[in-house]
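S.K.: This is the structure I have questions about; it appears just below.
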Amino acid sequence: MTNLIYNIQPDEIYHLAAQSHVRVSFDMPEFTGDVTGIGTTRLLESIRRSGIKTKFYQASSSEMFGDAPPPQNEETPFRPRSPYSAAKVYAYWMVKNYREGYGMFAVNGILFNHESPRRGETFVTRKITRALARIKYGLEDKLYLGNLEAKRDWGYAPDFVEAMWLMLQQDKPDDYVIATGETHSVKEFLEEAFKYAGLDWKKYVEIDKRYFRPLEVESLQGDASKARKKLKWEPKVKFKELVKIMVDADMKNLEEMKQCQDVIRKLSNNKK
């Protein structure tokens with residue numbers, strides 16, 4: 001990795017790699033610590049050893065705040081409630097150590113939940129919108145979820161990526177909370193998605209205890225005042241629009257898939 005960085009000499013490095021699923025981190029705590037925590041240190045050390053001047057972005061997480069009372073900002077103490085968030089706290093402090101100890105341009109972006117149609121299918125927002133599309137098309141009849149009362153500050157991933165880029169365009173490195181400032185429960189996301197599709201979620205959703213975490217984080221709500229002031233950043237997509245974007249995308253994906261299957265079926269019949 002040191003050789004790669006030295007040979008490529010990138011102007012900017014965005015470190016987003018991690019075992020990033022909170023529930024999975026309870027099942028794989030050592031792997032999560034190695035990849036999410038130590039992996040960040042390996043990358044920082046490679047930059048230091050290569051001797052190049054690059055700007056480094058670390059994807060920190062709102063999960064680091066754990067059960068700290070909302071709203072949470074850059075001064076809120078971390079109280080991690082999972083192996084994932086504990087690993088992210090370790091990585092956060094390593095970034096600050098390398099910044100202050102070696103003069104590296106390294107920043108922590110403490111991003112609250114950011115969603116899009118490209119979200120992994122095991123994450124609750126995408127799990128909801130994907131299952132909704134399949135229910136709408138008659139391919140499924142049930143959606144199994146865990147804690148519906150958990151509240152999160154959900155934003156749109158493209159808006160948040162803009163904030164990442166802005167952090168590396170500053171004259172001096174610093175750490176920033178990126179959030180919408182609004183909080184909504186999983187149940188609210190569920191209700192909004194199913195209402196948009198013209199369905200009653202209560203007819204299709206069942207609670208499965210397998211999806212509950214050993215330790216829950218009940219409420220995360222970010223205060224991005226610093227980013228608004230210093231980065232001149234503002235979230236453009238609000239909660240309801242975000243839900244619609246994700247539902248529309250999964251509906252379109254399923255429709256295109258069905259069209260492809262129809263074409264394949266017709267071609268197969270013609271050959272016969």
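S.K.: I want to check the label-to-label distance for LEU148 and HIS21. Put each point 7 Å from Cα in the C-beta direction and report it in nm to one decimal.
M.R.: Spacing of the two 7 Å Cα→Cβ label points: 2.3 nm.
S.K.: Between LYS266 and TYR204, what FRET efficiency comes out of the Förster formula 1/(1 + (r/R0)^6) with R0 = 25 Å and r the beta carbon distance, rounded to 0.05?
M.R.: Working: r = 32 Å, r/R0 = 1.28.
Efficiency, from the Cβ-Cβ distance: 0.20.
S.K.: Next up: Would you work out if the chain is rounded, prolate or oblate? Take a ≥ b ≥ c from the square roots of the eigenvalues of the alpha-carbon gyration tensor; rounded if a/c is under 1.5, else prolate when a/b is larger than b/c, oblate otherwise.
M.R.: prolate
S.K.: Would you please classify the overall shape of region 121-272 from the alpha carbon gyration tensor, given that a ≥ b ≥ c denote the square roots of the eigenvalues, rounded means a/c under 1.5, and beyond that prolate means a/b larger than b/c while oblate covers the rest?
M.R.: oblate
S.K.: Right, here's the next one. From the cross-link list LYS55/LYS238; LYS136/LYS244; LYS187/LYS226; LYS151/LYS226; LYS172/LYS240, which pairs have alpha carbons spaced over 26 Å apart? Spell out each step's value before the answer.
M.R.: Numbers: LYS55/LYS238 30 Å; LYS136/LYS244 15 Å; LYS187/LYS226 30 Å; LYS151/LYS226 23 Å; LYS172/LYS240 35 Å.
Over 26 Å apart, Cα to Cα: LYS55/LYS238; LYS187/LYS226; LYS172/LYS240.
S.K.: If you don't mind, there's one more thing I want to ask. If I take every Cα pair under 8 Å that is 6 or more residues apart in the chain, average their sequence separation and divide by the length, what percent do I get for the relative contact order?
M.R.: 21
S.K.: Now, a different point. Could you pull out the chymotrypsin sites (Phe, Trp or Tyr not before Pro) across region 111-202 that fall in loop regions by DSSP (anything but H, G, I, E, B) with no more than 16 other Cβ atoms inside 10 Å?
M.R.: PHE123, TYR137
S.K.: Which ³J(HN,Hα) values in Hz, rounded to whole numbers, follow from the phi angles of region 5-17 under the Karplus curve 6.51 cos²θ - 1.76 cosθ + 1.60, where θ = phi - 60° and Gly and Pro get x?
M.R.: 5, 5, 6, 7, 6, x, 6, 9, 10, 10, 9, 9, 5
S.K.: Non-local amide H neighbours of HIS114 (under 5 Å, H modeled in plane, Pro and chain starts lacking H): which ones?
M.R.: GLY155
S.K.: Please arrange MET104, MET257, MET167 by how many other C-beta atoms lie within 10 Å of their C-beta, fewest to most. Spell out each step's value before the answer.
M.R.: Details: MET104 19, MET257 12, MET167 25.
Fewest-to-most ranking of MET104, MET257, MET167: MET257, MET104, MET167.
S.K.: Quick one: Cα centre-to-centre distance for region 180-243 and region 32-79, in angstrom?
M.R.: 23
S.K.: Test of understanding: extend the Cα→C-beta vector of GLU218 to 7 Å, then name every residue of region 53-73 with backbone N under 13 Å from that spot.
M.R.: The answer is 67-70, whose backbone nitrogens lie closer than 13 Å to the label point.
S.K.: Skipping prolines and chain starts, which residues have an amide H placed within reach, meaning under 5 Å, of the one on TRP233, given they are 5 or more residues away or on another chain?
M.R.: Amide H neighbours of TRP233: ARG228.
S.K.: Rounded to the nearest 500, what is the 222 nm mean residue ellipticity of the chain from helices alone, with -39500 (n - 2.57) per DSSP H run of 4+ residues and division by all residues?
M.R.: Here the helix-only value at 222 nm equals -14000 deg cm²/dmol.
S.K.: Additional query: Per residue of region 211-217, what does 6.51 cos²θ - 1.76 cosθ + 1.60 with θ = phi - 60° give for ³J(HN,Hα)? Whole Hz please, x for Gly and Pro, Karplus curve as stated.
M.R.: In residue order, the calculated couplings are 8, 7, 8, x, 10, 9, 9 Hz.
S.K.: Going by how many other Cβ atoms sit within 10 Å of their own, how do HIS184, HIS114 line up, fewest first?
M.R.: Ascending Cβ contact count within 10 Å gives the list HIS184, HIS114.
S.K.: Full extension from SER185 to PHE123: what is 0.36 nm times the residue separation minus their Cα-Cα distance, to one decimal in nm?
M.R.: Working: separation 62, 0.36 × 62 = 22.32 nm, distance 1.42 nm.
Residue separation times 0.36 nm, minus the Cα-Cα distance, leaves 20.9 nm.
S.K.: Can I ask one more? So how much slack lies between LEU139 and LYS240, counting 0.36 nm per residue of separation and subtracting their Cα-Cα distance, in nm?
M.R.: 33.8 nm
Rule-based calculations on the coordinates, nothing more; no lab input. Computed from a predicted model, the values in this text were never measured in an experiment. Don't worry about glycine lacking a Cβ; one is built from the backbone with ideal geometry, like all the others, and counts go over all protein chains shown.
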